[in-house]
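Encoded as structure tokens, the structure appears first; notes follow it.
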Amino acid sequence: MKNLANNLAVWVGDQLVCVKVAGRANFSGSVDFKKLVTSLWDKGYHHFVLDLSECLLMDSTFLGVLAGLGLKLNNNTPTPTPGSNGNGHRAIELLNPSPRISDLLENLGITHLFSITKGRLTTECLVQLDHAPTSSDRREVQKTCLEAHQTLMDVNPANVPKFKDVAQFLAEDLKAMDGK
């Protein structure tokens, strides 16, 4: 299993990407995760399965990045993706999310962006991707955190009271970094 940001392993097949997320999915790995998915999308992979059976927790930044990718990729899916469950095509499938993660997705109002399935991940027909994590500077992490929280507020206005202070702090911190 090739590790990315300490808790991601990736396999690829014909237009299919499987990402196993283990442990905590948080802001520290969100930049690399976003770059990985975007890069593979640009290379023609249009169905992403995230195996969450060993994922203990997702923080709001990772959830916001995931929601942003769901919005972007669902709007740009060129062909029907397997398992799109009749609710439109879902480019990202979440496999075996824990009840805690399912509750987070539901409470944030982002469940509709994904196909959610239960089952076993089979990687026998796939090739493990050799991908080194990218290094991210503090500014890039802050920018990703801000965008993630703005996405969560844009997707569901009920999230505004939850994240407006965080978003304001991140925006002010970014301005300070830029000397503005």
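FYI, it's all coordinate maths here, none of it is from the lab. The shown structure was predicted, so the numbers you read here are calculated from the model rather than taken from an experiment. Every residue, glycine as well, gets a Cβ built from its backbone with ideal geometry; the counts of neighbours run over all protein chains shown.
Any of Lys35/Lys164; Lys43/Lys143; Lys143/Lys175; Lys34/Lys143; Lys20/Lys143; Lys143/Lys164 with alpha carbons more than 19 Å apart? Name them for me.
Values: Lys35/Lys164 25 Å; Lys43/Lys143 25 Å; Lys143/Lys175 10 Å; Lys34/Lys143 12 Å; Lys20/Lys143 25 Å; Lys143/Lys164 15 Å.
Going by Cα-Cα distance, Lys35/Lys164; Lys43/Lys143; Lys20/Lys143 fall outside the 19 Å limit.
Sorting 156-165, 107-116 by their mean Cβ neighbour count within 10 Å, with the most densely packed peptide first, gives 107-116, 156-165. Look at where the Cα atoms of region 137-152 and of region 31-66 average out, and the two centres are 15 Å apart.
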